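Shown next, in structure tokens, is the structure this report addresses.
The values are calculated or read from the model by the stated rules, or taken from the named source; none is laboratory data. Everything numeric in this text was worked out from a predicted model, so none of it was measured. Using ideal geometry, Cβ is built from the backbone for each residue, glycine included, and neighbour counts are taken over all protein chains shown. Keep in mind that these areas ignore ligands, DNA and RNA; they rest on the heavy atoms of the full protein, side chains included. Shrake-Rupley method; radii C 1.70, N 1.55, O 1.52, S 1.80 Å.
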Amino acid sequence: QAILGPVYEGTAPRGGVFRGRNRGRFAMAVKCHLIARAADLGTQKIRVAARAAGVSLTVDSAKASAVPELHVGERVVRYTGAILRCVGKIYEGGELYGCSFVESGQVDAWLDWTETELGGPEPPELPAAIERLERHLESRTFLVGQRYSLADASLSCSIYALKQNGVVQALPMATQRWYGTCTAHEAFRSVVGGPGAAQAAASTAPASQATGAADAGSLVARYSSCVGGRVLIKKILELGEVLIGQTINVCGWVRTMRDQKQVMFLELTDGSCPGGLQVVLDPAVQGYDTLKGACNTGASVRCIGELVKSPAAKQPVELLLKEPGHSVTLFGGVDSAEYPMAKGKHSMEFLRSIGHLRPRAILIGSMARVRNALAHATHEFFRDRGFVYVHTPLITAADCEGAGEMFQVTTLLADAEKSGLPMTPEKKVDYSKDFFGKPSFLTVSGQLSVENYCCALSSVYTFGPTFRAENSHTSRHLAEFWMIEPELAFADIFDDMECAEDYLKYCVTYAMKHNRADLDFFEKQVEKGLLARLENLVAAPFQRLTYTEAIDILKKEEKKAKFNQAVEWGMDLGSEHERHLAEKIYKKPVILYNYPKDIKAFYMRLNEDGKTVAAMDVLVPAIGEVIGGSQREERLDVLDSRIKEMGLDPKDYWWYRDLRRYGTVPHSGFGLGFERLIMLTTGIENIRDVIPYPRYPGHAEF
């Protein structure tokens, strides 16, 4: 029933259509065993879901009890809802459980709704449930997203059972259209009814899988036909003993090598996870002779062998290359005497000096995956809440922060050595001769630019690189860094704080769900207690208090805490003060708001007291400030006054002032340093190690 070993184009047990782009790929089938009563509705749902997911499923009714059990290797999952979710998550690239974090949550909600509203033989609120379903489906093809999901499989089976029992007669138009689509799905027809249903019940592996396609049901990584279709090491380690006995093709780089004459051991990594896969090579295997002297740490290989149970305690499975059909291919060898990343740990300072190779370090690889996940979560969060992504310019003539620490952009220096700089009669540099006709700089923020779009599209955000020419060598500053900056029209400082809290919790939750192996690595190697800190961050509402209240609290703590900087109203709080509030006083994230106007930017809304502005900072344990935001000053006269107070020229901000002249609205926004978010999520303490190529004074390599 299960598909064992490689299945190439030309093998079609059920007459599937051959697909040329999948030529020579391996199709992997995960084998599951269900102990459940065959006639139960829950069993029917699980079989339909398994068929749709491409999971090979056998059903044993003889040992069944009231609670269904799914056996996946040594793992046991009980109850219909949990089994459906397990089936939906088995395959990489499968979208049965939703194609995003948000969609997965929506699938969960519909699974729970189906059980609650349609769970019994005669649901008491059936008309209301059908009415709600009709409203939801009026403009949709499926319950969630654009594809058939677990939610559709479960709910359509429930309605089918109710129709069979005469409880449901006719369905309203949109619901009937959706129901017809679901019952026409190949998975439903093969399990519940239609031609060939009895035959399909014997095996739930789809035809596309049998022909070697890398669709639902295939563990083969997409776009890997060049190497015959490889399986990601991440999936092998996740599924473990479920895949024992199958022939698997893996590609990657050698992390460690041990040659014991009669056998060679490789630890292989492909960047999909922090863990490595042990490969055991018999000297007789095809390609073995090419490894001698070249297959050292850093070498790249392809290994085709059988997955077997590992005798070692550290890993459940290993790849054995021993049989005639097995082989190893050396893509690129390494001279161990020259390779700078030999086995063992390296200092972070050393890794920064070899930026082209440092992604191969486990810590940097895990950081890169978490960084990727947080970027994905950022776009997903704002997109799903109706925000529009705006690309703001990197070159600007405006200083958003009024700090003056900006990198200048000029073409005047190209000819300066020959003819000197062009000068005005006042003996100042004549920037009218420059490329942009005026002094121009790399931006320190996209905020002012994105506000223009906020005042037309309501909710917007920008996510891109920003620059600051601050001659700082600390572990918290970079010259080039990334900022996420949303702007919300018709929103005040309290709306702003709510959005910031929701966003931060969303990102951390996303990383904990999608990058658990990486976070486990950081927990062990970087920060003990990291996972508990992240769970605490999302568990409860953030503490909110005004700047003035915070100063009063810190003054009381000053003698005991022994701060390096004395506490007084009007000061710009240091990291020691921020972390004391978050770590010692409240032991959770804190949002401070209503700061003194003299330590904040000109665009922040002046409060009625004339001394403070509607600004807020989000402070978190172990990091300090991670988000800074404010309600923007929408009153033109007050804005002009603040611009002049900061020593800036209102003429340089004529377009920004126009927003206040033509249909001004209350609006708010915040900025989050993306690298700070990664530090928060990983526990890495130096900001230079959470960005691919750090830029700081004296360093612009790679």
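So what does log10 I(q)/I(0) come out to for region 136-191 at q = 0.27, 0.28 Å⁻¹, using the Debye formula with one equal point on every Cα and no solvent? Here the Debye-derived log intensity ratios amount to -1.21, -1.27. With R₀ fixed at 51 Å, the C-beta to C-beta distance from Gln408 to Val308 puts the FRET efficiency at about 0.25.
Taken per residue, the accessible surface of region 38-196 reaches 45 Å², heavy atoms only and a 1.4 Å probe. Placing a label point 7 Å from the Cα of Glu241 along the Cα-to-Cβ line, the residues of region 63-92 whose backbone N sits under 11 Å from it are 72-76.
Could you tell me which of the pairs Lys45/Lys163; Lys559/Lys597; Lys31/Lys89; Lys611/Lys651; Lys31/Lys309 are separated by over 18 angstrom between their Cα atoms in the structure shown? Pairs exceeding 18 Å: Lys559/Lys597; Lys611/Lys651. Which translational diffusion coefficient, to the nearest whole µm²/s, is obtained for region 649-693 from the Stokes-Einstein equation, given a Kirkwood hydrodynamic radius over C-alpha pairs, 25 °C and 0.890 mPa s? The diffusion coefficient I find is 176 µm²/s. Shown in residue order for region 74-88 are the 3J(HN,Hα) couplings computed by the Karplus curve 6.51 cos²θ - 1.76 cosθ + 1.60 at θ = phi - 60°: 8, 7, 10, 10, 10, 6, 4, x, 5, 5, 4, 5, 4, 4, x Hz (x for Gly and Pro). Computed over every Cα-Cα pair of region 278-322 and binned at 5 Å starting from 0, the pair-distance distribution P(r) comes out as 5, 20, 27, 22, 17, 8, 0 percent. Averaging over all projection directions, the Cα-based convex hull of region 56-172 occupies 8.6 nm² in the image plane. Close amide-amide hydrogen proximity is noted between Ala491 and His667, Ser668, each under 5 Å apart and 5 or more residues distant or on a separate chain (H modeled in the peptide plane; Pro and chain starts excluded). Report summary: the helix-based calculation at 222 nm, which adds -39500 (n - 2.57) for every DSSP H run with n ≥ 4 and divides by the residues of the chain, gives -10000 deg cm²/dmol. Between Thr546 and Arg385, how high is the FRET efficiency from 1/(1 + (r/R0)^6) when r is the Cβ-Cβ distance and R₀ = 35 Å? Nearest 0.05. Step by step, r from the Cβ atoms, then E = 0.80. Summed over the residues of region 265-392 and divided among them, the accessible surface reaches 46 Å² per residue at a probe radius of 1.4 Å.
Surface composition of the chain: carbon plus sulfur atoms contribute 52% of the solvent-accessible area (1.4 Å probe, protein chains only, all chains present). Here is the list for region 227-270: trypsin sites (Lys or Arg not before Pro) lying in DSSP coil, each with at most 10 other C-beta atoms within 10 angstrom of its C-beta, are Lys261. Between region 420-488 and region 253-309, the alpha-carbon centres lie 49 Å apart. Multiplying the residue separation of Ser432 and Ser472 by 0.36 nm and subtracting their alpha-carbon distance yields 11.2 nm. Per residue, the convex hull spanned by the alpha carbons of region 585-687 comes to 132 Å³.
Its residues counted as N, region 261-342 yields a C-alpha radius of gyration over 2.2 N^0.38 Å of 1.08.
Of the listed residues Arg177, Arg371, the order by accessible area with a 1.4 Å probe, largest first, is Arg177, Arg371. Summing Cβ point charges (Lys, Arg +1; Asp, Glu -1) relative to the Cα centre of the chain gives a dipole of roughly 2080 debye. For region 86-149, the square roots a ≥ b ≥ c of the C-alpha gyration tensor eigenvalues yield an a/c of 1.5 or more together with a/b not exceeding b/c, which makes the shape oblate. Legend: calculated FRET efficiency, Ser139 to Val538, from the Cβ-Cβ distance at R0 = 35 Å, rounded to 0.05, equals 0.60. A DSSP coil position with no more than 12 other Cβ atoms inside 10 Å describes the following GluC sites (Glu not before Pro) in region 502-587: Glu568.
Phi-derived couplings, Karplus 6.51 cos²θ - 1.76 cosθ + 1.60 at θ = phi - 60°, listed residue by residue for region 436-447: 9, x, 7, x, 10, 9, 6, 5, 9, 5, x, 4 Hz, with x used for Gly and Pro. In the full protein assembly as shown, how much of Trp655 is accessible to a 1.4 Å probe, in Å² to the nearest 10? Trp655 exposes around 70 Å² with every protein chain in place.
With N as its number of residues, region 437-571 has a Cα radius of gyration that, divided by 2.2 N^0.38 Å, comes to 1.36. Heavy atoms of the protein chains alone define the surface here; on that basis region 591-702 has 37 Å² accessible area per residue at 1.4 Å probe size. Placing unit charges on each Cβ (+1 for Lys and Arg, -1 for Asp and Glu) gives the chain a dipole about its Cα centre, and among Pro692, Val227, His379 the Cα reaching farthest toward its positive end belongs to Val227. Projected over every direction and averaged, the convex hull enclosing the alpha-carbon atoms of region 367-469 yields 9.5 nm². The alpha carbons of region 60-111 give a radius of gyration and a Dmax of 12.8, 39 Å, in that order. Volume of the convex hull of region 493-652 (Cα atoms only), normalised per residue: 144 Å³. From the alpha carbon centroid of region 626-702 to that of region 55-98 is 49 Å. From the alpha carbon centroid of region 503-544 to that of region 134-198 is 38 Å.
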